[in-house]
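J.: Dropping a structure here in C-alpha cells format, bear with me for questions.
The values are calculated or read from the model by the stated rules, or taken from the named source; none is laboratory data. Since this is a predicted model, take the numbers as computed values, not measurements. All Cβ positions, even for glycine, are placed from backbone atoms using ideal geometry, and neighbour counts span all protein chains on display. Surface areas here come from the heavy atoms of the whole protein model, side chains and all, with no ligands, DNA or RNA. Shrake-Rupley method; radii C 1.70, N 1.55, O 1.52, S 1.80 Å.
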Amino acid sequence: MKTRELGIEGALEITPEQHGDSRGTFLEWFRGDRLAGQAGGRELRVAQANMSVSARGVTRGIHFADVPPGQAKYVTCVRGTVFDVVVDLRVGSSTYGRWESVILDDVDRRAVFLAEGLGHGFCALTDDACVAYLCSETYAPDREHSVHPLDPDLGIAWPVADPLLSARDAAAPGLARARAEGLLPDYEACLRWTSGATGPRQRTASA
C-alpha cells in the first residue's frame, strides 16, 4: 500500500497492492494501522459506511460537516471511474479554497482520505459508477452543508461539459457566501479536534 500526501493538509491518496491470479484479485483497500502511520497517528473511527451509484456526468458535492465533530472520510470507487475532488474549506488554512483531484476507478483501486473540515465531491465518468466510503461520524442533517460545485471562485475543472447536480447541490451557496454566512469550518478548530483523534483515545460527537 502506497500513500501520497496531496497538496492539502489532511488529504491523502492511497494506492493498494493488488494480488491477482486466474481466480481474480485480492487487495486490502483499507488498513487503519497504516493510515494512522501516514496521518500523524490519526485513527479513523468508522461510524458509518456509505455507497452511491451514479450515472455518467452526475456530480456530487461539495459536501462538508460542522466541526466539531465533522466527518472524516475514506473513499474508493469499486465499479467504474470517478473524478474525485478534495477542497480545503477551512478558514485560516494556508490552502483555503484550493482543490485537488484524484481519479478513482476499479483498475488501480486507489482511495482518498480526507480529514474533518475538508470538502468532498466527485463526478462520475462512467455509467453505474459505484463509490464506497467510510465515515468517522454518522449522518446528521443539521450539521451537513454544501458549497456549489460549479462556483467560479473554486474553479474546479470538472471533466464533463454539463454536470448533473442534485437540487440540493444546485441550490448550495458559493464559497464566498458560505464563508460570509459562517458555514465554513475554522482551520484551528479543525486541528484541535483532529488532534483528539490520534493515539488510542478518540473523541466522539458527544465529547
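J.: Look at Val147 and say whether it is in contact (Cβ under 8 Å) with a residue 24 or more places away in the chain and either surrounded by fewer than 16 Cβ atoms within 10 Å (Cβ to Cβ) or in contact with a helix residue (DSSP H, G or I) (Cβ under 7 Å, 6 or more places away or on another chain) (or both).
T.: yes
J.: Still on this structure, please answer the following. Taking only pairs six or more apart or across chains, which ones have beta-carbon atoms under 8 Å, a first residue in the stretch 82-96 that is assigned to a strand (DSSP E or B) and open to solvent by 10 Å² or more (accessible area, probe 1.4 Å), and a second residue that is modelled with pLDDT of 95 or more and of a type in the set (Lys, Arg)?
T.: Filtered contacts from the stretch 82-96: Val91/Arg179.
J.: Sort out which residues of the stretch 97-125 are over 17 Å from Ala157 (Cα atoms), touching a residue at least 40 places away in the same chain (Cβ under 8 Å) and not aliphatic (A, V, I, L, M), and write them in order of number.
T.: Asp108, Arg109, Arg110, Phe113, Glu116, Gly117
J.: Let me ask you something else. Does the stretch 55-62 contain any residue that is touching a His at 6+ places or on another chain (Cβ under 9 Å) and on the phi > 0 side of the Ramachandran plot?
T.: Looking through the stretch 55-62, at least one residue is touching a His at 6+ places or on another chain (Cβ under 9 Å) and on the phi > 0 side of the Ramachandran plot.
J.: Oh, and also: In the stretch 103-150, which residues are closer than 30 Å to Arg192 by Cα, in contact with a Ser or Thr (Cβ under 9 Å, 6 or more places away or on another chain) and either assigned to a loop (DSSP other than H, G, I, E, B) or charged (D, E, K, R) (or both)?
T.: Arg110, Ala115, Glu116, Gly117, Glu137, Pro149
J.: Evaluate the following for Arg192: is it modelled with pLDDT under 95, out of contact with any helix residue (DSSP H, G or I) (no Cβ under 6 Å at 6 or more places or on another chain), open to solvent by 60 Å² or more (accessible area, probe 1.4 Å) and outside any loop (DSSP other than H, G, I, E, B)? Please lay out each step first, then the result.
T.: Working: modelled with pLDDT under 95: yes; out of contact with any helix residue (DSSP H, G or I) (no Cβ under 6 Å at 6 or more places or on another chain): yes; open to solvent by 60 Å² or more (accessible area, probe 1.4 Å): yes; outside any loop (DSSP other than H, G, I, E, B): yes.
Yes; evaluated as a whole, the condition is true for this residue.
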